[in-house]
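Values quoted throughout were computed directly from the atomic coordinates according to the rules given, and no laboratory measurement underlies them. Remember, it's a predicted structure, so these values are computed and weren't measured experimentally. Note that we place each Cβ from the backbone using ideal geometry, even for glycine, and neighbour counts take in every protein chain shown.
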Amino acid sequence: RRRLDSRSCPPGLFTEIQTQIRTEPLDSLYVITNAELGRGKFAVVKKCEEKATGKEYAAKFLKKRRRGRDCRAEIVHEVAVLEAMRANPRVVNLHEVFETEHDIVLLLEYAAGGEIFDHCVSEEILSERQITRLLRQTLEGVHLLHQSSLVHLDLKPQNILLTSLNPLGDIKIVDFGLARRLGTTGELREILGTPEYVAPEILNYEPITTATDLWSVGVIAYMLVTGESPFQGEDKQETFLNVSQVNVDYCKEAFAGVSELAVDFIQKLLVKSPEDRPSAAECLTHPWLWQSSPDSEPSTPQPSRGPRERSAGKWGATTPLDDPE
Ligand code: ADP
Ligand code: MG
C-alpha cells in the first residue's frame, strides 16, 4: 500500500491503492500496437496484447507531469476508483499498472465495440430497444458507483464503451479521471467536465451530488435518441448559456418518431435543480426502459428507423472542450 502526502491531495481523492505498480519494461510483457484507441489531453490509449496469454488489453498512458505539475496523486486516485469498482460489471476492469519514465500505464480490459458516441453521430440510429438496453446498463453502473458514494462527473458518449459492435455488446464505463468521492470533506464544488455534457450546478459552482451524473445520463439519452447534442452552441459561451438556462428543444423534427415515454424520461433528467432529478435507481423504474419484454430481447441488431436528416456542419464543430481548469 502506498500513501501520498495529504497536502498534495485535493478533497474527494483517494490516496491509497492495492495494485502493485510494476516498473519492469512494459514492452517485455506486452506487445503495444501503434493503433490508438483514443486520446485525451494527458492520456493516450493504445491496444496491446499480453505476451504470456495472448489476451488483448487497452493501455492508457497517463502523463505523470502535466503543465509542469506532478499529477501522480490524480493518477493514483483514478486507479483507486477502478479498484473500488472491481465488482461493478458495468465498469471497465483494471488488469495491472506499470510505471515508465514519463507515464503511469493502466492496463484495462479491452472494450472492442468502441464508444457509444459513434452511435450518437451515425446516420444509422440505434433502435429504441437497443438504446434502452444500453441506458439500463449505464444506469446500473452509475447506481453501483453512487452506492459507493462515488460520482463520475465526466459521463459522456465518449466514456461509455461497448464490449462488441456486431452484435452490439454490453456497456463499460471508462475514464474515472474526474471521479470524486462524496461526503468525506464537506461539500464538493469543482469546475470540470465537458461543456456540452456538464450539469448547471457545475457551471454555477454549486455543490456536486450524485444528481450531477444523472444530468449527463439525460444528455446521453437525448443524443442516442436524436443524434443531436442538446446544448451544443456555436461556441463554449453559448453552450454554457444553453446548459444553465436548460435551453433544450423537444419539438424539433429530431424527435419525429421518438416515443412519448422516451421524451418523458429525458425531460425528467434535464431539469435545472439537482434535487428534482430522479436517482439512478428511480430512473431504472421508468417504463420507457422496460418496454416490450426486454428479457426476450434478441442480441442481434434491430432494424433501425433509417437515416435521419441532420444539419451538416453540426458534428464537424464537435471539438473536445475538456478543460478541467
Ligand atoms: P481521457 O481521460 O483522455 O478522456 P479515456 O479513459 O476516456 O481517457 O480514454 C480515451 C479514449 O480511449 C476513450 O474515449 C475510448 O475511445 C478509448 N478507450 C479508453 N479505454 C478503453 C478500453 N478499455 N478499451 C477500448 N478503448 C478504450
Ligand atoms: Mg475520456
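A quick yes/no check of all residues on (1) of a type outside the set (D, E); (2) more than 19 Å from V198 (Cβ to Cβ); (3) in contact with a helix residue (DSSP H, G or I) (Cβ under 9 Å, 6 or more places away or on another chain):
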residue: L241; (1), (2), (3): yes, no, no
residue: V248; (1), (2), (3): yes, no, yes
residue: S259; (1), (2), (3): yes, yes, yes
residue: P287; (1), (2), (3): yes, yes, yes
Notebook entry, point to check: For region 46-70, how many residues meet the condition of being within 12 Å of ligand 1 (Cβ to nearest atom) and free of Cβ contacts under 8 Å to residues at least 40 places away in the same chain?
Noted result: 2
Next item on the list: At least 2 residues that are of a type outside the set (S, T, N, Q) and either within 16 Å of ligand 2 (Cβ to nearest atom) or touching a Gly at 6+ places or on another chain (Cβ under 7 Å) (or both) in each: list the strands (runs of 3 or more DSSP E) lying fully within region 1-114 that qualify.
Entry: 30-39, 43-50, 56-63, 103-109
Item checked: Selected residue (only one of G218, G233 is without any contact (Cβ under 8 Å) to a residue 12 or more places away in the chain, closer than 25 Å to S244 by Cβ and more than 12 Å from ligand 1 (Cβ to nearest atom)) -> G233
Note to self: What's the number of the only condition in (1) under 24 Å from P195 (Cα atoms); (2) within 11 Å of ligand 1 (Cβ to nearest atom); (3) not in a loop (DSSP other than H, G, I, E, B) that K156 fails to meet?
What the structure shows: (3)
Notebook entry, point to check: What number of residues within region 115-153 are among the hydrophobic types (A, V, I, L, M, F, W, C) and not in a loop (DSSP other than H, G, I, E, B)?
Noted result: 11
Next item on the list: Among the residues of region 157-184, count how many are of a type in the set (K, R) and either more than 16 Å from ligand 2 (Cβ to nearest atom) or free of Cβ contacts under 8 Å to residues at least 40 places away in the same chain (or both).
Entry: 1
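Would you call R180 among the basic types (K, R), out of contact with any strand residue (DSSP E or B) (no Cβ under 9 Å at 6 or more places or on another chain) and closer than 22 Å to H146 by Cα?
Considered against the rule, which asks whether it is among the basic types (K, R), out of contact with any strand residue (DSSP E or B) (no Cβ under 9 Å at 6 or more places or on another chain) and closer than 22 Å to H146 by Cα, R180 comes out as no.
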Notebook entry, point to check: Pairs under 8 Å by beta carbon, first residue touching a residue at least 40 places away in the same chain (Cβ under 8 Å) in region 237-249, partner outside any loop (DSSP other than H, G, I, E, B) and surrounded by fewer than 17 Cβ atoms within 10 Å (Cβ to Cβ), six or more apart or different chains?
Noted result: F240/L203; V243/L203; S244/L203
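Mind checking which residues of region 97-118 are more than 13 Å from ligand 1 (Cβ to nearest atom) and of a type outside the set (S, T, Y)?
Result: V97, F98, E99, E101, H102.
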Next item on the list: All but one of (1) more than 13 Å from the chain's Cα centre (by Cα); (2) more than 16 Å from ligand 2 (Cβ to nearest atom) hold for C120, so report the exception by its number.
Entry: (2)
